[in-house]
Amino acid sequence: MFPNGLKSVGGISGHDLVLTLDENLQHMAEKELAAGLIDIKSFHPESPEEVADRIRTALRLTGVPPHRLWVVPDCGFCFVPRWLAFAKMKAMVDGARIVRRELGG
């Protein structure tokens with residue numbers, strides 16, 4: 001979950017950060033989560049299968065019920081060429097449809 005060599009974030013040790021995240025994730029089933037699963041910094045247009053895999057991972061790691069997970073890009077598309085933004089958004093929608101079908105919805 002964290003890059004190799006993570007020592008601290010904002011003065012919090014990597015170990016304490018993981019514990020804090022674990023404690024907070026216990027309450028995630030009650031929350032809605034907007035997960036930035038589309039990388040706007042990459043010129044690689046994700047495939048629907050890649051997005052579906054990221055959605056499955058987000059569901060598994062957070063414990064958020066599927067109906068409370070919002071799939072969003074990790075930031076805005078203002079500096080992304082229109083053709084690429086469209087491809088990424090299409091993959092996001094198609095990836096969500098794949099997981100929705102798997103979950104019976």
**Residues being of a type outside the set (Asp, Glu), within 15 Å of residue 37 (Cβ to Cβ) and part of a loop (DSSP other than H, G, I, E, B) - total across the stretch 49-79** = 4
**Asked** In the stretch 43-62, is there at least one residue being touching a residue at least 24 places away in the same chain (Cβ under 8 Å), exposed (fewer than 15 other Cβ atoms within 10 Å of the Cβ) and more than 15 Å from the chain's Cα centre (by Cα)?
**Response** yes
**Prompt:** Do you know which of the residues in the stretch 74-89 that are under 16 Å from the mean Cα position of the chain (by Cα) and modelled with pLDDT of 95 or more is surrounded by the fewest Cβ atoms within 10 Å (Cβ to Cβ)?
**Reply:** 89
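The values are calculated or read from the model by the stated rules, or taken from the named source; none is laboratory data. Just so you know, these numbers come straight off a predicted model, no measurement behind them. Note: ideal-geometry Cβ built from the backbone for every residue, glycine included; neighbour counts use all protein chains shown.
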